[in-house]
Every structure is written in structure tokens, then in C-alpha cells.
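To start, the structure under review is shown below, and the notes come after it.
The values are calculated or read from the model by the stated rules, or taken from the named source; none is laboratory data. Quick caveat, the model's predicted, so the values are computed rather than measured. Note that each Cβ is placed from the backbone with ideal geometry, even for glycine, and that neighbours are counted across all protein chains shown. Remember, those area values only see protein heavy atoms, side chains included, never the ligands or the DNA or RNA. Shrake-Rupley method; radii C 1.70, N 1.55, O 1.52, S 1.80 Å.
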Amino acid sequence: MSFRDNLLHLRASNNMTQEQLAMMLGVSRQSVTKWESERSYPELDKLCKMCEIFDCTLDELVQGDLTGKAPTRQQPGGAAPVREDVFGYDDFMTNFAGKISRGVMDIVLGVAFGCALFALSEPENGLGFVLPENMGAAFGFLCIAAGIVVGLIDIVSVSLAHARFVRQHPFIEDFYTDRQKEEKQKTFVRELIGGIAIIAVGIVVLLLTDGTRWEELVGTVGILVCIAVGARFIVHGGMTIGLANIDDYNESAAETLTASEIESLPMPEDRRRVMMQQHKTDKLIGAVCGIIMLIATVVGLVLLFVPLGAQGGFGRANEFFWLSWAVGGVCCGIATLAIRAFVKPKSE
């Protein structure tokens, strides 16, 4: 029995169109057509994916006879296909959310520990001893740099993996049940409330130490630590509920795919035009946000290294150099909302 006959039977028995199979495999509909007309042959990785989809072995698919095989994705006693996480989307996106949220926490924790060392070099730090100013500054900057590096390692590495995943699977069938979506909503609510509560504790600590000798060491550092931990909960919860929205994932593929990759996707022409417009909008947003964060970086470095204040040295303004990136992030968010509001994809 030929591979062509097996493929035709498996696709038909599972009530699957060429477009649906193409999307699941990350290829064009024309590729599936060529396979079924024996004008070309799929690569090994595509064959392996088909084995996962149709629950068969590679030998059975290529050389066996599967024309008598019953539909592989049926609910017991019914004809409706069971929606399955064929590509490990849930595991991958859960890991993605965990690493992104952890990266954010590590960056803020680095700033918190750096501020703690800066505070220890102040004459009134509440502990009765003072670190040499050069030692406090050196180790403080080292902590900040270490937090940024560790955080970026997680964020950049998992972002690259996410881009590869999207390119391999630009379309995912929604396999989540209503109960699974409800569980993720509950997780989001718990983590949102928990994150806000932790940040509130930090605010209380800051208020209690305001005006005392513990303000810099305990108040400022305490609220930064609480922000770091609270932000991780909030970011993780938000991404957890977001990953259950498969429609958003499919639409956001335009952010990762190149124009040529979008052109090769099997989809109606009007939808392709919308996706191409979305791709151009995302490129514009990326360019604008890149410029904003570049300016924020310049401002932050100026605040950090240029002597400011009446002291003739590093004035108090230098302690808040990190705010430039926070302001830059807010400006990026505003720019993104504005661009998406005024640059509308055209379906015609």
C-alpha cells in the first residue's frame, strides 16, 4: 500500500481538510496536494508529525496499510473529533510564561540588592557600620548588572525558542476544554491578587520606615523586593490566562513570521492581506519601541555616570537612573496602543 493511499484515508476518515492538515504541519496546502498526487514526498519531520496526529508508526504510514484504520481522534461513542495538544503547546507556553516572569523578577531583584549595597555605604544605614563608598558602589553595580544578565538570559533564550515554535506551528487548533480555560482563569485571579498583596506589603514597609534611618536599607529595598516577587506572580498569571486564547496565538503569528512565510501559509487571500498588514504594524511598533528604549538607555547612563547635584560628585539623582527604563517601558506601551489604534488592518 502506498503512502498516498494511507494519507488520503487518514485525512478523510478524520474529517480533515487539506488546509487543516497543512496548518497542523506548518506547510502550505499545495504541499499536501503534491503528496496526495505523488508529485513530491514529505520530509522526515513532517512524517513524524503525521504519525503523532494520526496515532500510527512511521513504518505503518509509509509502507503499511492503514486504509482500514478507524478515525484516531474520536470521542468514545461519538463522531466528534477529540481536540488534542498535538504539538505540546501547553507545556511549551507554560515554560515560556515561567521563564519570562522569572526573568522580570531577577532584573528587579538585582536592582533591589544593588540599592541595599548602596544604602550600606551611607553613614546612617541603621546597622551601626558603614561599607566603604567605593566598595558599596562597586558591588551594588555588580548586583544590578548580574540581575540584568540573569534575567535577560531567561527572557532572550525563551523568546528565541518561542519564535522557533511559532515558525514551526503558525496555526494551532484550539484544544482547551471549557474546564481547562476556567482553571487558568482561576490561576490568573489567584496570582493577580497574590501579586498585588505582596506589593501592598512593600508599600506598607516603605511607609513605616519613611523618615527613619531604616528608610533606604529597609524601606526602599523592601518595596523593590516585593515589586519583584509581586510582578512575577502578576506577569505569570497574565501569561497563563493568555496562553489559553489560541485565537490570539494564531493572529500574533504575524509578529514572528516573515513576509515570505506569511505568503506561503494556506489561507484565504483577504485573511492573508490582514495578516500582512498586521506584520507591517508590528514592525513599526518594534522600530518605535526600539528608539524609545535606546533613548531611555542613554538617559539612564547619563544619570548613572555624569556627576549631578551640588555635591560635585554623584548626586542623589544618580540613585534613580533605573527609572529611565521604567519610563521607557511605559512610553513603549503608550506608543503600541496608539499605533494599533490608528493603524487598522484592511481586509479589502
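Show the residue pairs meeting these rules: Cβ distance below 9 Å; 6+ apart or different chains; first residue within the stretch 26-43 and within 17 Å of Leu61 (Cα to Cα); second residue acidic (Asp, Glu).
Val32/Glu19
Output the residue which, of all residues in the stretch 318-348 that are open to solvent by 50 Å² or more (accessible area, probe 1.4 Å), under 24 Å from Ile107 (Cβ atoms) and in contact with a helix residue (DSSP H, G or I) (Cβ under 6 Å, 6 or more places away or on another chain), is modelled with the highest pLDDT.
Cys331
Could you list all residues from the stretch 12-57 that are open to solvent by 20 Å² or more (accessible area, probe 1.4 Å), within 23 Å of Tyr89 (Cβ to Cβ) and among the small types (Gly, Ala, Ser)?
Once the filter is applied, which keeps residues that are open to solvent by 20 Å² or more (accessible area, probe 1.4 Å), within 23 Å of Tyr89 (Cβ to Cβ) and among the small types (Gly, Ala, Ser), the stretch 12-57 yields Gly26, Ser28, Ser31.
All but one of (1) at pLDDT 80 or above; (2) surrounded by fewer than 17 Cβ atoms within 10 Å (Cβ to Cβ) hold for Ile292; which doesn't?
Going through (1) at pLDDT 80 or above; (2) surrounded by fewer than 17 Cβ atoms within 10 Å (Cβ to Cβ) one by one, Ile292 breaks only (2).
Please determine whether any residue of the stretch 100-112 is of a type in the set (S, T, N, Q) and in contact (Cβ under 8 Å) with a residue 24 or more places away in the chain.
Within the stretch 100-112 (the criterion being of a type in the set (S, T, N, Q) and in contact (Cβ under 8 Å) with a residue 24 or more places away in the chain), the answer is yes, since at least one residue qualifies.
Let me spell it out: the conditions are (1) at pLDDT below 85; (2) surrounded by fewer than 16 Cβ atoms within 10 Å (Cβ to Cβ), and Leu66 meets all of them except one. Which number is the exception?
So Leu66 meets the others, but not (2).
I'd like to check something: does the stretch 141-162 contain any residue that is over 30 Å from Phe54 (Cβ atoms), aliphatic (A, V, I, L, M), out of contact with any strand residue (DSSP E or B) (no Cβ under 7 Å at 6 or more places or on another chain) and not in a helix (DSSP H, G or I)?
No; the residues of the stretch 141-162 include none that is over 30 Å from Phe54 (Cβ atoms), aliphatic (A, V, I, L, M), out of contact with any strand residue (DSSP E or B) (no Cβ under 7 Å at 6 or more places or on another chain) and not in a helix (DSSP H, G or I).
Applying the selection to the stretch 231-289, what residues are at pLDDT below 80, outside any helix (DSSP H, G or I) and either under 21 Å from the mean Cα position of the chain (by Cα) or aliphatic (A, V, I, L, M) (or both)?
Leu257, Thr258, Leu265, Met267
Regarding Thr209, is this residue of a type in the set (Ser, Thr, Tyr), at pLDDT 90 or above and either farther than 23 Å from Cys143 by Cα or open to solvent by 50 Å² or more (accessible area, probe 1.4 Å) (or both)?
Criteria not met by Thr209.
What are the residue pairs meeting all of these: first residue in the stretch 220-241, first residue within 10 Å of Val104 (Cβ to Cβ), second residue acidic (Asp, Glu) and modelled with pLDDT under 90, Cβ atoms under 6 Å, and 6 or more apart or on different chains?
From the stretch 220-241, no pairs qualify.
Considering only the stretch 128-140, how many residues are open to solvent by 50 Å² or more (accessible area, probe 1.4 Å) and part of a helix (DSSP H, G or I)?
Of the residues in that region, 5 qualify.
The rows are residues; the columns are (1) of a type in the set (Ser, Thr, Tyr); (2) within 22 Å of Arg232 (Cα to Cα); (3) open to solvent by less than 90 Å² (accessible area, probe 1.4 Å).
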{"residue": "Val158", "(1), (2), (3)": "no, yes, yes"}
{"residue": "Ala161", "(1), (2), (3)": "no, yes, yes"}
{"residue": "Phe165", "(1), (2), (3)": "no, no, yes"}
{"residue": "His169", "(1), (2), (3)": "no, no, yes"}
{"residue": "Asp174", "(1), (2), (3)": "no, no, yes"}
{"residue": "Thr177", "(1), (2), (3)": "yes, no, yes"}
{"residue": "Thr187", "(1), (2), (3)": "yes, yes, yes"}
{"residue": "Ile193", "(1), (2), (3)": "no, yes, no"}
{"residue": "Ala197", "(1), (2), (3)": "no, yes, yes"}
